[in-house]
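The values are calculated or read from the model by the stated rules, or taken from the named source; none is laboratory data. Because the structure is a prediction, the values reported are computed rather than measured. So basically every Cβ, Gly included, is an ideal-geometry build from the backbone, and we count neighbours across all protein chains shown.
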Amino acid sequence: MQNKLGIASVTQQPVPAQAQGWKQAVRDGVGDVAELLQLLGLSNQARTLTIDQNSPFATKVPRNFVARMRYGDPNDPLLQQVLARTQENETVSGYVADPVGDLTRLAAPGVVHKYADRVLLITTGACAVHCRYCFRRHFPYDQEVAAKDNWSVAVRYIRERPQIREIILSGGDPLSLDTAKLQRLTDQLKDIEHIQRFRIHSRQPIVLPERIDDALLTWIKALPWPVVVVLHSNHANEIDQAVVDMAKRLRNVGATLLNQAVLLRSINDDVTVLEHLSGQLFAAGILPYYLNMLDQVQGAQHFYVPKDEAIALVRQLRHRLSGYLVPRLVREEAGKAHKIPLDDEPK
Ligand code: SF4
């Protein structure tokens, strides 16, 4: 069952070569759940898997991420993250469109100012992959994007507030934007003396490591602030040689690499799976940073792991790993001044 798939699907439906560039790889991604199942030899399981062919949150998966899934395995942890299912259409109490209160903390279009010394820019609604548990899957990106008007409103907001020390690029996925567009933002921020740190939150280096190309590396290297790239990987199977090489390229230009994972039912809610993820991340030069409780967004309830179970898992993890390999278990709560740590008192 092990990944003949990747190879088989790669030869039948060519995966774009690195040389063709990351934009082509995004365009060539799998955009149809039936095709995804067919590539994995699972077409005859569509009914059992309760597939939703018509979800308004479209299927989107880079082909080289599909190639990391196990052929013929409906429970593959990477597949489960991207599989549109009919459960997403159920209405469940407590699951809402904006679970972390982004919309109530919009200070300007696409500028989320929740925490005292930092602002988060919603740079774009685009992502290379559509993760079914995404807490911004209902975000109104068409109205609220900081990149509008050549970033002018966002830059003015930051310039006028000396308490802002850190800029966080988020989305969507900020690395979905062309490097030249990112550069147009940072060119306007460079002379703002109160900015001290620059952070990029992105899943793209994991699902599409060719995004970390020479142009992006040149941009990062030239930034005048310490740069932190917070990656998003949920399972060790996501970390292949291309991801390891990508991480090395980023470290070589001085970026600090952290990872945040989301605790997801049937994907990584197992101490051995989490242990393996931390080990693979560290081997790639990426520190495990946060293990996020699922944000309770409409359509994602089937991924939820309850708090007590999550705390027990992290406590087991602490018995197995050095402290620096144990990610902080946190929950984001709307209106709070910071993320809430849940495992402060180890047993
Ligand atoms: S890459 Fe991030 S923003 Fe995009 S769908 Fe996945 S979780 Fe959401």
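Any residue at all in the stretch 156-172 that is of a type outside the set (V, I, T) and touching a Pro at 6+ places or on another chain (Cβ under 9 Å)?
If we filter the stretch 156-172 for residues that are of a type outside the set (V, I, T), which is where we start, we get 156-157, 159-163, 165-166, 169-172.
Still in the list and also touching a Pro at 6+ places or on another chain (Cβ under 9 Å): none.
No, every residue in the stretch 156-172 fails to be of a type outside the set (V, I, T) and touching a Pro at 6+ places or on another chain (Cβ under 9 Å).
Taking the criterion of being loosely packed, with under 15 Cβ neighbours inside 10 Å, out of contact with any Lys or Arg (no Cβ under 8 Å at 6 or more places or on another chain) and closer than 23 Å to Y115 by Cα, the residues of the stretch 167-200 that qualify are K190, D191, E193.
For the stretch 202-218, does any single residue satisfy the condition of being at pLDDT 95 or above, of a type in the set (G, A, S), within 29 Å of A236 (Cα to Cα) and more than 18 Å from the chain's Cα centre (by Cα)?
Taking the stretch 202-218 and keeping what is at pLDDT 95 or above, we get 202-218.
Still in the running and of a type in the set (G, A, S): 202, 215.
Those left that are additionally within 29 Å of A236 (Cα to Cα): 202, 215.
Those left that are additionally more than 18 Å from the chain's Cα centre (by Cα): 215.
Within the stretch 202-218 (the criterion being at pLDDT 95 or above, of a type in the set (G, A, S), within 29 Å of A236 (Cα to Cα) and more than 18 Å from the chain's Cα centre (by Cα)), the answer is yes, since at least one residue qualifies.
Can you pull out the strands (runs of 3 or more DSSP E) entirely within the stretch 201-294 that have at least 2 residues that are free of Cβ contacts under 8 Å to residues at least 60 places away in the same chain, under 28 Å from V112 (Cα atoms) and within 16 Å of the ligand (Cβ to nearest atom)? Please lay out each step first, then the result.
Working: elements: 227-231, 256-262, 287-292.
Because the criterion is at least 2 residues that are free of Cβ contacts under 8 Å to residues at least 60 places away in the same chain, under 28 Å from V112 (Cα atoms) and within 16 Å of the ligand (Cβ to nearest atom), the strands (runs of 3 or more DSSP E) in the stretch 201-294 that meet it are 227-231, 287-292.
For the stretch 25-76, taking the residues that are touching a strand residue (DSSP E or B) at 6+ places or on another chain (Cβ under 9 Å), of a type outside the set (D, E) and more than 23 Å from R203 (Cα to Cα), the one that is surrounded by the most Cβ atoms within 10 Å (Cβ to Cβ) is identified as I51. For the stretch 152-159, indicate whether the set of residues that are in contact with a Phe, Trp or Tyr (Cβ under 8 Å, 6 or more places away or on another chain) and either crowded, with 19+ Cβ neighbours inside 10 Å or without any contact (Cβ under 8 Å) to a residue 12 or more places away in the chain (or both) is non-empty. The answer is no, given that none of the residues of the stretch 152-159 is in contact with a Phe, Trp or Tyr (Cβ under 8 Å, 6 or more places away or on another chain) and either crowded, with 19+ Cβ neighbours inside 10 Å or without any contact (Cβ under 8 Å) to a residue 12 or more places away in the chain (or both). Residue pairs whose Cβ atoms lie under 9 Å apart, separated by 6 or more positions or on different chains, with the first residue in the stretch 166-184 and small (G, A, S) and the second away from the ligand (no atom under 16 Å from the Cβ), are A180/A215; A180/W219. Of all residues in the stretch 185-200, those satisfying the criterion of being in contact (Cβ under 8 Å) with a residue 24 or more places away in the chain and outside any strand (DSSP E or B) are L185, T186, Q188, L189, K190, I192, H194, I195, Q196. Checked against (1) farther than 24 Å from Q80 by Cα; (2) surrounded by fewer than 16 Cβ atoms within 10 Å (Cβ to Cβ), K307 meets all criteria but (1).
If you go through the stretch 247-270 and keep only what is of a type in the set (D, E, K, R), buried (at least 16 other Cβ atoms within 10 Å of the Cβ) and over 22 Å from N75 (Cα atoms), you end up with just R249.
If you go through the stretch 77-101 and keep only what is of a type outside the set (A, V, I, L, M, F, W, C) and surrounded by fewer than 19 Cβ atoms within 10 Å (Cβ to Cβ), you end up with R85, T86, Q87, N89, E90, T91, S93, G94, Y95, D98, G101. Inspect the stretch 121-142 for any residue being more than 16 Å from the ligand (Cβ to nearest atom) and surrounded by fewer than 22 Cβ atoms within 10 Å (Cβ to Cβ) and give the result as yes or no. No - not one qualifying residue is present in the stretch 121-142.
Give the number of residues within the stretch 96-110 that are in contact with a strand residue (DSSP E or B) (Cβ under 6 Å, 6 or more places away or on another chain) and either within 13 Å of the ligand (Cβ to nearest atom) or modelled with pLDDT of 95 or more (or both). Going through the stretch 96-110 one residue at a time, the tally reaches 2. Does at least one position in the stretch 266-273 carry a residue that is of a type in the set (D, E) and in contact with a helix residue (DSSP H, G or I) (Cβ under 7 Å, 6 or more places away or on another chain)? Yes, because at least one residue in the stretch 266-273 is of a type in the set (D, E) and in contact with a helix residue (DSSP H, G or I) (Cβ under 7 Å, 6 or more places away or on another chain).
Can you tell me which residues in the stretch 133-166 are among the β-branched types (V, I, T) and over 22 Å from the mean Cα position of the chain (by Cα)? Don't jump to the end; show me each part of the working.
Of all residues in the stretch 133-166, those among the β-branched types (V, I, T) come to 145, 153, 155, 158, 164.
Hits for the stretch 133-166 are V153, V155, I158, I164.
Of everything listed in (1) surrounded by 22 or more Cβ atoms within 10 Å (Cβ to Cβ); (2) in contact with a His (Cβ under 7 Å, 6 or more places away or on another chain); (3) farther than 30 Å from D142 by Cβ, the single unmet condition for V273 is (1).
Return yes or no: is Q53 over 19 Å from the mean Cα position of the chain (by Cα) and assigned to a helix (DSSP H, G or I)?
Numbers: over 19 Å from the mean Cα position of the chain (by Cα): yes; assigned to a helix (DSSP H, G or I): no.
Spelling it out, it is not the case that Q53 is over 19 Å from the mean Cα position of the chain (by Cα) and assigned to a helix (DSSP H, G or I).
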